[in-house]
């Protein structure tokens, strides 16, 4: 994965990666993502001169956010965050819309008396898609650890709406908010200027309440 590629090798490499992404072994799909991170880093300029390759990698990683295996989904989010942070990929409106749509996947409402059976009534595919959307939002937010781009306030609001979702969604939201608080704490007086008053009310409640990080 640390080897340098020739431009003419890129299509073949991506074709192989697409095949691995369809493997029945989740370990293979997981390893694909760790390989992809290193491969892109060591061949950054070759890939950035190949728009089709960049789009293929974007599609591949975003698709693996919807993997049935939790470990693969989480590694896809880590990979996406890294590719966004180094500006290999950009957070654009289609990406945001895609994640927001996944987050809207409907789940059965919790029943107060019988919470233990709620998870059993949720179709696994629906939960996975909703988690994929939340992981996508999380990757975007965590890709900017020391500033607040114009798109971030709304994504934080979208994310916070899932704080009471079933696991593993709830834990993803908590981890993301905890990391956001840690990385943005030092310059918060400056960062908070990017939020509306209503957004600040929601966010302040989330970031100062210890129960959200239990």
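No lab work stands behind these numbers, since they all come straight from the coordinates. As the structure is a prediction and not an experimental result, all values here were calculated from the model. Cβ placement follows ideal geometry from the backbone for every residue including glycine, while neighbour counts extend to all protein chains displayed.
Please order 143, 23, 138 by the number of other Cβ within 10 Å, starting at the fewest.
23, 143, 138
Compute the acute angle (0 to 90°) between the alpha-carbon long axis of helix 70-85 and the principal axis of greatest extent of the alpha-carbon atoms of the chain; round to the nearest 10°.
The two axes meet at around 80 degrees.
Restricting things to alpha carbons, find the Rg to Rh ratio for region 1-90 using the Kirkwood radius for Rh.
My calculation puts Rg/Rh at 0.93.
Under the definition of Cα pairs under 8 Å and six or more residues apart, what whole-number percent is the relative contact order of the chain?
16 percent
Kindly provide the pair-distance distribution of the chain built from C-alpha pairs, with 10 Å bins from 0 and whole-percent values in order of increasing distance.
Percent of Cα pairs in each bin: 8, 32, 33, 20, 7, 1, 0.
Calculated from DSSP H runs of 4 or more alone, at -39500 (n - 2.57) each and per residue, what is the 222 nm mean residue ellipticity of the chain, nearest 500?
Result for the chain: -20000 deg cm²/dmol, rounded to the nearest 500.
Mind sorting 61, 148, 16 by how few other Cβ atoms lie within 10 Å of their own Cβ, fewest first?
Sorted ascending by nearby Cβ count, the order is 16, 148, 61.
What list do you get for 86, 103 if you sort them by fewest beta carbons within 10 Å?
86, 103
Report, in degrees rounded to the nearest 10, the 0 to 90 angle that the Cα long axis of helix 93-103 makes with the longest principal axis of the chain.
Taking the Cα atoms of the chain, the angle to 93-103 is about 60 degrees.
Mind jotting down the distance between the C-alpha centroids of region 142-214 and region 1-36, whole Å?
The distance from the Cα centre of region 1-36 to that of region 142-214 comes to 33 Å.
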